[in-house]
Every structure is written in C-alpha cells, then in structure tokens.
Amino acid sequence: MKICLIGLNITNLILASVFLKKNLPVDIYQNNKIQRFKTKRTIAISAGNFSFLKKISNTNLQSWKTNEIKIYLENENSKEIINFKKQNKESFNLIKNSDLNNAFLKNIENSKIVKKIKEDIFSKRLINKIKKYDLVINSDNNNFITKNYFHNKIKKNYKSYAYTFIINHKKTNNRTARQIFTNYGPLAFLPLNNSKTSVVFSCSGNLRSAQDIYKLFKKYNTFYQNTKPGDIEKVSLEFSMLRKYTHKNILAFGDLLHRIHPLAGQGFNMTIRDIENFSKIVDKKISLGLPIDISVADEFQQNNKHLNYLYGKAIDGIYEFFRLDSKIKNSLSKPIFRILNNNSVFKKYSNLFSDKGINL
Ligand SMILES: Cc1cc2nc3c(=O)[nH]c(=O)nc-3n(C[C@H](O)[C@H](O)[C@H](O)COP(=O)(O)OP(=O)(O)OC[C@H]3O[C@@H](n4cnc5c(N)ncnc54)[C@H](O)[C@@H]3O)c2cc1C
C-alpha cells in the first residue's frame with residue numbers, strides 16, 4: 001500500500017505518526033521552495049484530544065493545563081457571566097504550536113518507513129508524481145492540487161483580524177483560561193505557565209497598529225500585573241468549508257476542509273477529531289484485510305462532512321450571537337447566561353461539545 005501526504009505541517013506530522021503507529025509506510029511531500037509556515041500561536045487542545053495525541057506520540061508531550069474557563073462581557077470584565085469548571089479533568093491543554101510541531105517532527109524523524117521528499121508542490125508535475133499512490137492526503141493550503149481541485153468552498157469573511165502575542169507578567173496561579181466578548185470582538189487569555197500567557201484578540205475592522213492593540217489590551221486586562229507584551233502576529237479571519245473532500249485518489253484534510261473563527265479554540269481540535277475518526281476507519285479496513293485506498297477517504301467524507309459543517313456553523317452562530325449582543329449592550333447574553341451559569345446540564349453538554357464535537 002502506498003500512501004502519500006502533501007505538506008509538512010502539524011496536521012500531516014500527526015497523520016504520519018498515526019500511520020507509523022500502524023506500521024504503514026508513508027511519503028511526505030514537502031515544499032522545496034519556501035520554508036514551512038512558522039507561528040508563535042498557542043493552541044488550546046481539549047482533554048480528550050490531548051490524550052489521543054499522547055497515545056500516538058512516542059515523545060513526552062507536555063502542556064499547561066487549565067481547569068476553568070471564564071467568560072466575561074464588555075464593561076463587566078471583573079465578574080464573569082459564565083464559568084466552566086471541570087472536576088478532576090483539565091478544561092484545556094495549552095501548548096505552543098512550535099512545541100507541538102517539534103514533538104511530532106521528532107516522532108517521525110528517525111523512522112525508516114516515513115520518508116520526507118522535497119518536491120516542487122506548485123508545479124503541475126505534482127499530478128503525475130502522486131498517481132502511483134493508493135491514497136494521497138493533502139493538508140497543504142497552497143499548492144497546485146489545492147488551487148486546482150480543492151477551491152470550491154462555502155466561505156465567509158469575518159472582516160476581522162486575529163492579533164496574537166505572548167505576555168510576560170507577575171507570577172500568579174495561572175490555571176484559568178478567560179475570554180472577554182468586547183465591543184471589538186473576542187479577547188482570549190490562554191495561560192502558558194504562571195508568568196506567561198498567550199493573548200488572542202479577534203478584532204473587527206481594518207488592520208490596526210501594534211500600539212492600538214496594546215492599548216486595547218491594557219484597557220481590558222484586569223487579570224495580570226506588570227505585563228510585558230511580545231511581538232504581534234496577525235491573520236485575517238475567515239470561515240470556510242470545503243464542498244467536496246476528495247478528488248481522484250486525493251483526500252483533502254486539516255484547515256483545507258474547515259476553517260473557523262478562533263473564538264472557541266476549536267479549529268485544530270476539529271482536525272484532531274477528524275484524524276481519530278480517520279484512524280478508526282483505517283483500523284477497520286486493516287482488520288477486514290481491505291486495502292488502504294480512496295475508499296477510506298470516501299467513508300471518511302460520508303461520516304464526517306455533515307458533522308464538521310454543523311460544528312463549524314455552531315461556532316459561527318456563537319460569533320454572530322455575541323456580535324449582535326454587543327450592539328444591543330448585552331441585553332441578550334446577560335439574562336440568558338445568568339440562568340445557564342447555574343444549569344449543570346448546559347455546562348455538561350458545553351464541555352462535551354468542546355471535547356468530543358457533535359459525534360458524541
Ligand atoms: C488566531 C488563531 C488562533 C487559533 N487558536 C486555536 C486553538 O486555540 N485551538 C485550536 O484547536 N485551533 C486554533 N486555531 C486553528 C489552528 O491554528 C489551525 O487549525 C492549525 O494551525 C492548522 O494547522 P495545519 O497544519 O492544518 O495548517 P498550516 O499549514 O499550519 O496552516 C494553516 C493556516 O491557516 C490559518 N488559519 C487558521 N484558521 C484560520 C481562520 N479562521 N481564518 C484565517 N486563517 C486561518 C493559519 O493562520 C495558517 O496560516 C487558531 C487559529 C487562529 C487563526
């Protein structure tokens with residue numbers, strides 16, 4: 001069985017580790033022209049997803065665990081409107097993208113069955129090169145195949161930018177992730193250790209200067225003292241859902257399938273759940289003595305496409321709810337969340353929704 005992954009990004013590094021665990025050889029086509037996308041972003045990973053990653057990684061994957069998530073509204077940011085607390089289980093595992101990347105790179109580095117191949121992935125010749133494989137997984141957002149066969153998407157432009165930076169601050173017991181729904185958009189504080197926190201500010205409107213962002217951050221920050229903010233990374237935000245997951249022997253994967261607003265920290269969690277579901281289909285085929293080919297991709301698409309769409313739309317619904325709510329001075333969220341904050345069923349299902357998605 002010949003399997004190929006296009007792109008040396010975090011999605012493919014994890015997929016390669018899944019194949020490695022099953023002793024299935026894979027080739028990874030990596031770009032020979034430009035460097036891999038590097039980000040200073042922090043990624044929040046749910047408890048269930050993190051334990052799946054630990055199972056497939058042979059390295060000692062470390063994270064900073066939060067046990068509580070607090071949600072705040074504009075003008076009320078010293079008292080949370082809702083609080084999600086988990087007993088005996090972390091709410092999120094916080095890990096730098098680069099640390100996750102390096103851990104999974106190390107995982108495959110010394111393997112004899114995972115081969116990295118440098119290739120011009122922008123060239124039309126890529127089509128001929130991948131014909132020999134039974135299954136090709138393309139997780140790369142920018143190559144010849146993506147541009148020509150995986151561009152038909154349901155899209156929405158949030159007309160917002162996400163500004164990400166890390167703050168150093170006075171030591172504190174830092175086990176609570178926080179999000180304020182400000183009039184500009186959601187502002188998240190994701191702890192990395194007792195004196196370091198990652199900030200993600202999804203701010204509507206045109207691109208703002210670093211000085212503007214630091215000023216807004218100071219206005220809303222009532223949680224950390226003596227803050228020293230680092231450099232800002234910015235990305236324009238969009239929602240996108242791919243209409244068709246497959247083309248010939250190729251399956252699209254990762255952010256290429258679904259891209260959602262970062263307000264719930266769920267984009268990559270969706271991909272991890274996809275990888276786990278994909279892995280189960282592969283196991284089933286192996287146990288039946290069936291080949292690992294495009295039929296795996298077809299089954300994956302059939303089982304997951306509608307769930308991914310619904311999940312992505314639900315996150316978009318949360319974004320739209322708070323956008324409307326901030327225009328009418330939180331007159332929807334205040335009464336609703338006062339009731340929901342005391343409702344254990346709502347909290348249980350919110351926790352499950354962020355940990356396991358819709359496929360409960
Ligand atoms: C500011 C921000 C914070 C995030 N935080 C979390 C988190 O806490 N937990 C989590 O599970 N996922 C989060 N994500 C999503 C996560 O970063 C991506 O799913 C992941 O990096 C994709 O990795 P990859 O290897 O598939 O793709 P790569 O090849 O590494 O690149 C994916 C590209 O897509 C961009 N991107 C991702 N989402 C969007 C979007 N909505 N609009 C525009 N561009 C986007 C990334 O910036 C990157 O350039 C966040 C995304 C953004 C933009």
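When Lys124 is tested against (1) without any contact (Cβ under 8 Å) to a residue 40 or more places away in the chain; (2) closer than 25 Å to Ile14 by Cα; (3) surrounded by fewer than 17 Cβ atoms within 10 Å (Cβ to Cβ), only condition (2) is not met. The sole residue among Arg175, Arg259, Arg208 that is charged (D, E, K, R) and touching a Pro at 6+ places or on another chain (Cβ under 9 Å) is Arg175.
Residues that are free of Cβ contacts under 8 Å to residues at least 12 places away in the same chain and under 20 Å from Glu276 (Cα atoms) were ranked within the stretch 290-327; the one that is nearest to the chain's Cα centre (by Cα) is His306. Inclusion of Arg243 among residues that are under 24 Å from the mean Cα position of the chain (by Cα), within 15 Å of Asn303 (Cα to Cα), touching a residue at least 24 places away in the same chain (Cβ under 8 Å) and within 16 Å of the ligand (Cβ to nearest atom) is not warranted.
Could you list, in sequence order, the residues of the stretch 192-209 that are small (Gly, Ala, Ser) and without any contact (Cβ under 8 Å) to a residue 24 or more places away in the chain? Spell out the reasoning first.
Initially, the stretch 192-209 is screened for residues small (Gly, Ala, Ser), giving 195, 198, 202, 204-205, 209.
If the condition is that a residue be small (Gly, Ala, Ser) and without any contact (Cβ under 8 Å) to a residue 24 or more places away in the chain, then Ser209 is the only one that fits.
Determine which member of the set Ile71, Ile95 is at pLDDT 90 or above, surrounded by 21 or more Cβ atoms within 10 Å (Cβ to Cβ) and either not small (Gly, Ala, Ser) or not in a helix (DSSP H, G or I) (or both). Outline the logic, then answer.
Details: Ile71 fails: surrounded by 21 or more Cβ atoms within 10 Å (Cβ to Cβ).
It is Ile95.
Residue pairs whose Cβ atoms lie under 7 Å apart, sitting 6 or more positions apart in sequence or on different chains, and linking a residue in the stretch 171-189 that is within 16 Å of Ser46 (Cα to Cα) to a partner that is assigned to a loop (DSSP other than H, G, I, E, B) and within 15 Å of the ligand (Cβ to nearest atom), are Ala177/Ser91. Beta carbons closer than 9 Å, at least 6 apart along the sequence or on distinct chains, never pair a first residue in the stretch 40-62 that is closer than 16 Å to Lys89 by Cβ with a second that is within 8 Å of the ligand (Cβ to nearest atom) and of a type in the set (Ser, Thr, Tyr).
The values are calculated or read from the model by the stated rules, or taken from the named source; none is laboratory data. All figures in this text were calculated on a predicted structure; none of them were measured in a lab. So basically every Cβ, Gly included, is an ideal-geometry build from the backbone, and we count neighbours across all protein chains shown.
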